[in-house]
1. One residue is enough: does segment 223-230 have a residue meeting the conditions assigned to a helix (DSSP H, G or I), touching a Lys or Arg at 6+ places or on another chain (Cβ under 8 Å) and of a type in the set (A, V, I, L, M)?
2. Which one of the conditions (1) aliphatic (A, V, I, L, M); (2) at pLDDT below 95; (3) surrounded by 14 or more Cβ atoms within 10 Å (Cβ to Cβ) does LEU96 fail to meet, given that it meets all the rest?
3. Just need a number here: residues in segment 54-67 that are within 13 Å of PHE33 (Cβ to Cβ) and either of a type outside the set (D, E, K, R) or more than 20 Å from the chain's Cα centre (by Cα) (or both).
4. Among the residues of segment 113-122, which ones are crowded, with 24+ Cβ neighbours inside 10 Å and in contact (Cβ under 8 Å) with a residue 60 or more places away in the chain?
5. Tell me which residues, restricted to segment 145-188, are modelled with pLDDT of 95 or more and of a type in the set (S, T, N, Q).
6. Does VAL194 fit the bill of being buried (at least 18 other Cβ atoms within 10 Å of the Cβ), β-branched (Val, Ile, Thr) and under 17 Å from the mean Cα position of the chain (by Cα)?
7. Select from segment 18-72 the residues that are outside any helix (DSSP H, G or I) and at pLDDT 95 or above and write down the one among them that is surrounded by the most Cβ atoms within 10 Å (Cβ to Cβ).
8. Taking ALA216 as meeting all but one of (1) buried (at least 16 other Cβ atoms within 10 Å of the Cβ); (2) under 27 Å from LEU109 (Cβ atoms); (3) at pLDDT 95 or above; (4) of a type in the set (Gly, Ala, Ser), write down the number of the exception.
Amino acid sequence: MAALVRRHDHDRFQTALFAPAARREALFALYAFNYEVARVRETVSEPMLGQIRLQWWRENIAAAFEGGSVRRHIVVEPLTAAIRAYGLTRAHFDRLIDARERDLDEAPLASLAALEEYAEATSSRLVYLALESLGVRDPAAEQAGFHVGIAYALAGLLRAMPYQPRLSRALAPAEIATAASRHLGLARAQHSAVPRSALPALLPAIVAERRLKRLAWAGFDPFDPVLAAPDAMQSWRLAAAWLSRRF
């Protein structure tokens with residue numbers, strides 16, 4: 001699991017390293033699951049096939065919660081183990097998978113509200129599950145997770161604009177960036193009430209903040225080639241945030 005997440009979701013791989021060793025495999029299973037459902041649109045030739053693939057995941061999630069037999073699959077098996085070990089919330093999985101059906105529609109999200117709703121369903125829900133995997137069921141942490149998830153997703157959508165033309169037909173990059181920054185501020189308003197054990201799930205805020213700063217330096221032009229370069233200091237930024245107990 002770790003190798004798969006490291007290769008396909010390096011941001012979350014790095015944040016998971018700050019979790020207790022006993023909890024990391026659950027986080028890796030969650031992030032691998034997220035990668036699998038997020039890439040459905042890229043791996044099918046027509047929407048119906050994507051819906052079939054998402055339904056396959058619904059059935060496996062249902063079996064995990066209902067005590068059914070576990071399908072032999074590189075992600076399903078560890079994900080089922082995490083669900084059963086930590087009593088994860090099924091509604092978060094259902095909401096996340098349902099939202100991924102939106103990816104099969106070529107029409108861009110037409111409003112900021114729609115974009116934020118999509119970000120909450122696909123990204124904040126993953127943060128909620130990560131918090132539960134860390135043993136954190138705290139209202140302040142969940143509120144922070146709501147905003148961190150949206151901010152990280154919006155920053156990610158801005159970064160993806162050069163590779164997904166349909167995104168560029170929707171809202172202005174500066175408007176999306178402003179919304180992402182607002183959500184970061186709202187998340188950090190919860191800082192004093194959030195337990196340290198929640199930090200590995202909330203550290204994507206550090207990644208989002210850096211991306212938004214770089215975008216601002218580029219004049220809010222997501223097509224600036226400078227933005228394609230990875231942040232060589234990201235692991236150090238995450239470590240510094242962890243040590244100072246911030247996100």
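The values are calculated or read from the model by the stated rules, or taken from the named source; none is laboratory data. All values reported here derive from a predicted model rather than from experimental measurement. Counting neighbours? That spans all protein chains shown, and the Cβs are built from the backbone with ideal geometry, glycine included.
1. yes
2. (2)
3. Summing the residues that are within 13 Å of PHE33 (Cβ to Cβ) and either of a type outside the set (D, E, K, R) or more than 20 Å from the chain's Cα centre (by Cα) (or both) in segment 54-67 gives 6.
4. Hit for segment 113-122 is THR122, nothing else.
5. The answer is THR178, SER181.
6. Against the criterion (buried (at least 18 other Cβ atoms within 10 Å of the Cβ), β-branched (Val, Ile, Thr) and under 17 Å from the mean Cα position of the chain (by Cα)), VAL194 does not qualify.
7. So the residue we want is ALA19.
8. Answer for ALA216: the failing condition is (1).
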